[in-house]
Structure formats: C-alpha cells, structure tokens
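**Q** Take a look at the following structure, please.
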Ligand SMILES: Cc1cc2nc3c(=O)[nH]c(=O)nc-3n(C[C@H](O)[C@H](O)[C@H](O)COP(=O)(O)OP(=O)(O)OC[C@H]3O[C@@H](n4cnc5c(N)ncnc54)[C@H](O)[C@@H]3O)c2cc1C
Ligand code: SF4
C-alpha cells in the first residue's frame, strides 16, 4: 500500500523542482525521477572572462570545444549565440526524440535542471489579460510568483514596463546597467512621450533571476562576464541549485539516471506505477505510485502520456494545440557608442526590455535588449557584407555599439499543430512526429511589430543594418506549451482541470507547459515555476 502523502515527480527542470519544493513544504514525501545529466565543474571559478582567455591552458578548447564544435559556421542560419561546449550536456542525447518534423525544430533536455541550465533567466509574470484563457486569474498565481521570486532571487523594479507586468513580492534591486544600456535609457527618457504615445512602446528593466546580493550559498553577480559559459558564482539561477536544496530535505529522494518510459494504468483509470529504465539501455524498474506529477517538459511529457495510452489500449493519439513563441532577432548599432571601448567586466545578458502595447492585452509584444559585451564576435562578423579582413576591422570598431533585440510574439492553440508518436516508434524509441503551421495572421503581426521596433531603435539613436534581422524557426524559443490545455468545462479529450489534473487519469498531474491554454509573448518559465507551485499547493 502506497501512502497518500507521497508524490512521484518526473523531471528536475524549473517546473519539477518548484512543484517538489511546495509539495515538501506541505509535508509530502517526494521522489524525483530524472535523467539528470550533470554539469561539468566550473573552471577557475574566481576568474573573469579575460583571465580565462589568458590563463587557461587550452582557452580555445574551453570556449570553442575540442573539435571547434562551438564555432557557428556561416551557414548556421544566422543565430547569434551557439551552445558553448560547457553547456553541451544540457542538450545531449535530445535529438533521438525528434522523429519527422514539419515546420518545427525542437530542443530536448535531459540535464539535471533541464533547459534552464542554459537559459538567460528572463522572468516575467503574466497579467490578467494574458491569463484570459486560463481557468484562474493573476490573484491565484500572485503568491506563487512571490514565493518563487523569494526562492530564486529575481531583480527588477517598478518602471514603465510595470504596465505590462504586475509587481509581485520579493523583487531584488536590479543589476547595474552597462554603459550602452544606460545610454539607451537616457535616450528613452528624452523620447518617452513620442515612443509611448505614438508607437505604444515602453522601455524598462528586464526582470532577471540573477542575484544583485548574496543569497544563502549563492553569491551576487560581480560582472565576471561568463554567463554564457555558466556562472561560476551561482548568481544566475539554475534549477539544479534547487535540486541541491531539495536533497537536504529528509522527505526528498532523487533518482537520477532514470528515464521514465510510461505509466501503468489500472482498471479505475488511475496510474498505478511508473515504468522507468536505467539510462544507457539498462534495467527496467517499476515504481508504484498513488500520485504522479509529470514535469519532463511539454514534449517529453507528451511522449510519456502517449506511450502509456499506446501500451494500455493500443491507441495512437494525436495531441493538438502545440504552441511556441515566434522570436525575431533584430541587431542594431548605437551610433553614439561608436569608437568607445567595451567593458568585458559586464553582465552578459539582457538588462533592458521593450514592450509594445496592443488594445488586446493578449497581443502584447515583448522584447529583450542585449548590448554586446563579452559574447563571441564570430557569428556577427561572418554576417557582415564584407570580406573577412574588412569585416574584422568593422566588428572591432563597432563592438561596443552593437546590440540585439530578441522580439517575442504570442501563440495560440490551433488544430493544425500537433504531436504524435512516430509510426513504428515503440516503448524503447519514443520518437515524436511534430507538425507546426504558423497562424495565418502571423506575417501581418510580425511586419507591424518589427516596423515599430525599428522606429523605436531609430528614436534611441540606433540603426538596424539591412539584411541582418533573423526570423528564428519555430521551436527555437523553447517555450513549448498547449497539448493538454486547462479548461473549466471538461469538454474534449486530453484536457486538464484547473489543477492540471488529466481528465482521463485522475491521479496524474501535468505540471509543465503542457497545460497552458494560451502562450503570451513573455518568456514562460517564471509562470511555469509559479503554476507548478500553485498546483502542488492546491491539488495535493
Ligand atoms: C538558450 C535558452 C535560453 C532560454 N532563456 C529563457 C529565458 O530567458 N526566460 C525564460 O522564461 N525561458 C527561457 N528558456 C526556456 C526555459 O529553459 C524553459 O521554458 C524551461 O526550462 C522549461 O522547464 P521545464 O521544467 O518545463 O522543462 P525542462 O527544462 O525541459 O526540464 C525537463 C526535465 O525533465 C527531465 N526529463 C525529460 N524527459 C524525461 C524522462 N523521460 N524521464 C526522466 N526525466 C526526464 C530532464 O532531465 C529535465 O530535468 C531558455 C531556454 C534556452 C534553451
Ligand atoms: S551572472 Fe554572469 S556576469 Fe554575473 S557573476 Fe555570473 S558569470 Fe559573472
């Protein structure tokens, strides 16, 4: 007989760890099953980026990889960041999940901490307008946004972006601005009336899970400039930090190196056990459960549910409504920064955000502005329309003036976008077929918003070099959602209730993005964490 105050959680990403932490705080015994590939130990933890380049025995190996796999080749589809070798473990072995793909390029993570071991830590609460399709309002999430902020440390302040983002509890003082970002803020202050009133554009601080002061074992950001390669001070939050916190709790058991394959379904439609396999094709284990919470990430969670149904009934189900945020990268050059030195001792990721308002709050457009400091220059150099020598000269002369706006667009559930098990895929080879077709109105929405972004940048004294804007493929934003939507009505198959409980399997909770009925433009992970905590608080 399994105790009722036990819960089995699959996955140690942002969703899984914050579900687990709240469940533990309620007195539950939590067992976490996770593939859980581990990060390499940070090298020279006190060194800044320049010291690393100068003092490492093999700096090229560290920054670009032993076989130069960290180099973005000129045909690399115009991305500005690659995965550095120190983060390869985050995506290792994920490709085997991808079967035939149409219009979608997914990433999968089997890391301890999930995808957010490689994230840029942007944390934005959804507002009531964006939650219109959810079966609850901001008030139900607010305490959990505050609690997650208390746990992980989020910096931010009330500013012009506050009109789009509610102020929750436990915000820390923002990180200091770099010279380039400060210059953009000053220009915004001069042009505020035009930008707000004519373009509906607002500039403010991004909210980021990077510490501006020490918190427990984690140290405040001291501007080492190594964020992309992994923050050695733990200033930039990653969920593996929470796994370590949970491991100190008596009620928590972490089973790493185990891949969940499916759950067994009993006569009453309840999951009775999780079937998992030792990573590397090892032994199969049967873990009895009275309460299962899947937090493997939207696509791997779908694979577990689809395999469970296939094993129990022989039915191959197609799940519709897959969503992801379209992202467009808009590089810019700030004329006023030309000829100035860049400061390598800087926080590497975005410090400023750009919000474009819309009469429909669900159509809000969200941008994160990253000024170029210590990122690798070669992905930019190779896209300049000159020969290598001239491109190098131009890049060096313009380094401190370069930046990029990552513009994010909302997505909604549509029947054309679906996920199913690949024909012939079985329990051992869970490849997914995925099809994604953009919404019919997408070209018009992108054209209008990107025109505004260019006008905003011009007003801030920047130019957008022609031909360098990059439409990222669907799947690139890694904000997957929507396959088991939360509804209050109970209509339709493969939905969940307001507590993310599957309607078909009453003791199975889906606590990642699977259940989101709509995907606002704001990066989703803070809401994944808050919602997972809400589900543990309300449903257990
Ligand atoms: C480069 C990059 C930058 C990003 N920046 C941001 C950002 O600034 N802001 C933001 O909001 N989001 C960002 N994201 C997205 C963010 O990382 C994801 O939204 C988030 O990690 C999803 O969390 P999750 O817990 O639902 O799933 P995941 O992070 O995918 O975690 C899944 C977990 O499940 C485990 N797992 C999977 N399958 C199985 C299985 N079968 N058995 C056992 N364990 C399994 C994995 O080991 C992992 O621990 C970024 C992502 C990337 C890649
Ligand atoms: S967050 Fe980035 S800049 Fe700050 S201490 Fe960590 S690596 Fe350095």
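**Q** What translational diffusion coefficient, to the nearest whole µm²/s, does the chain have by Stokes-Einstein, given a Kirkwood radius computed over alpha-carbon pairs, a temperature of 37 °C and 0.692 mPa s viscosity?
**A** Working: Rh = 23.8 Å.
D = 138 µm²/s.
**Q** Applying 1/(1 + (r/R0)^6) with R0 = 22 Å to the Cβ-Cβ distance of residue 88 and residue 278, what FRET efficiency is obtained, to the nearest 0.05? Walk me through the numbers on the way to the answer.
**A** Values: r = 22 Å, r/R0 = 1.00.
The value I calculate is 0.50.
**Q** State the three equivalent ellipsoid semi-axes of the stretch 438-479, derived from the C-alpha gyration tensor as the square roots of 5 times its eigenvalues, in descending order and whole Å.
**A** Sorted largest first and rounded, they come to 22, 13, 9 Å.
**Q** Provide Rg and Dmax in Å for the stretch 138-186, with only Cα atoms included in the calculation.
**A** Gyration radius and largest Cα-Cα distance of the stretch 138-186: 12.9, 39 Å.
**Q** Can you give the helix-only mean residue ellipticity at 222 nm for the chain, where every DSSP H stretch with n ≥ 4 adds -39500 (n - 2.57) and the sum goes over all residues, rounded to the nearest 500 deg cm²/dmol?
**A** So the calculated ellipticity at 222 nm is -8000 deg cm²/dmol.
**Q** Expressed as a whole number of Å, what is the distance separating the alpha-carbon centroids of the stretch 270-340 and the stretch 169-247?
**A** Comparing the Cα centres of the stretch 169-247 and the stretch 270-340, I get a distance of 28 Å.
**Q** For the stretch 400-532, would you read off the P(r) tail past 17 Å as a percentage of all alpha carbon pairs? Walk me through the numbers on the way to the answer.
**A** Details: 6088 of 8778 pairs.
Everything past 17 Å amounts to 69 percent.
**Q** Give the angle, between 0 and 90 degrees and rounded to the nearest 10, that separates the Cα long axis of helix 525-539 from the longest principal axis of the Cα atoms of the chain.
**A** On a 0 to 90 degree scale, this one is about 30.
**Q** Using only Cα atoms, locate the centre of the stretch 505-539 and the centre of the stretch 459-493, then give the distance between them in Å, rounded to an integer.
**A** Taking the Cα centre of the stretch 459-493 as reference, the centre of the stretch 505-539 is 17 Å away.
**Q** Which length gain, in nm to one decimal place, applies between residue 471 and residue 29 when the Cα-Cα distance is subtracted from 0.36 nm times their residue separation?
**A** On the way: separation 442, 0.36 × 442 = 159.12 nm, distance 4.51 nm.
Gain on extension, residue 471 to residue 29, equals 154.6 nm.
**Q** Starting from the exponent 0.38 and prefactor 2.2 Å, build the expected Rg for the stretch 168-302 from its residue count and divide its actual Cα Rg by it. If you can, show how the numbers build up before the last one.
**A** Working: Rg = 23.1 Å, N = 135, 2.2 N^0.38 = 14.2 Å.
This ratio for the stretch 168-302 stands at 1.62.
**Q** Next question. Counting only the backbone N, which residues of the stretch 6-31 are under 19 Å from the spot 7 Å out from the Cα of residue 290 toward its beta-carbon?
**A** Taking a point 7 Å out along Cα→Cβ of residue 290, the residues of the stretch 6-31 whose backbone N falls under 19 Å are 6-10, 20, 23-31.
**Q** So if we plug the beta-carbon distance of residue 316 and residue 139 into 1/(1 + (r/R0)^6) with R0 = 30 Å, what FRET efficiency do we get, rounded to 0.05?
**A** Numbers: r = 40 Å, r/R0 = 1.35.
My answer for the efficiency is 0.15.
**Q** Looking at the chain, what % of its DSSP beta bridges pair antiparallel, to the nearest 5?
**A** The antiparallel fraction comes to roughly 70 percent.
**Q** Mind checking the angle between helix 14-25 and the chain's longest principal axis? C-alpha axes, 0 to 90 degrees, to the nearest 10.
**A** That works out to roughly 60 degrees.
**Q** Something else now. What's the extension gain from residue 506 to residue 423 if we count 0.36 nm per residue and subtract their Cα-Cα distance? Spell out each step's value before the answer.
**A** Values: separation 83, 0.36 × 83 = 29.88 nm, distance 2.81 nm.
Result for the pair: 27.1 nm of gain on full extension.
**Q** If you project the alpha carbons of the stretch 271-335 onto the principal axes, what extent comes out on each, in Å, largest first?
**A** 63, 28, 24
**Q** Could you tell me the distance between the Cα centroids of the stretch 119-148 and the stretch 385-417, to the nearest Å?
**A** After rounding, the separation between the Cα centres reads 29 Å.
**Q** Give the whole-number value, in cubic angstrom per residue, of the convex hull volume spanned by the C-alpha atoms of the stretch 65-224.
**A** On the way: hull volume 34.7 nm³, N = 160.
With only Cα atoms used, the stretch 65-224 gives 217 Å³ per residue.
**Q** Moving on. Evaluate E = 1/(1 + (r/R0)^6) for residue 458 and residue 488, where r is the Cβ-Cβ distance and R0 equals 45 Å; express this FRET efficiency to the nearest 0.05. Numbers along the way, then the final one.
**A** On the way: r = 46 Å, r/R0 = 1.01.
In this case the efficiency is close to 0.50.
**Q** Between 0 and 90 degrees, rounded to the nearest ten: what's the tilt of helix 442-459 against the longest Cα principal axis of the chain?
**A** Once rounded, one gets 40 degrees.
Bear in mind that the values in this text are calculations on the coordinates, not laboratory data. Keep in mind that what you see is a predicted model, and the values were worked out from it rather than measured. When we count neighbours, we look across all protein chains shown, and the Cβ atoms used for this are built from the backbone with ideal geometry, even at glycine.
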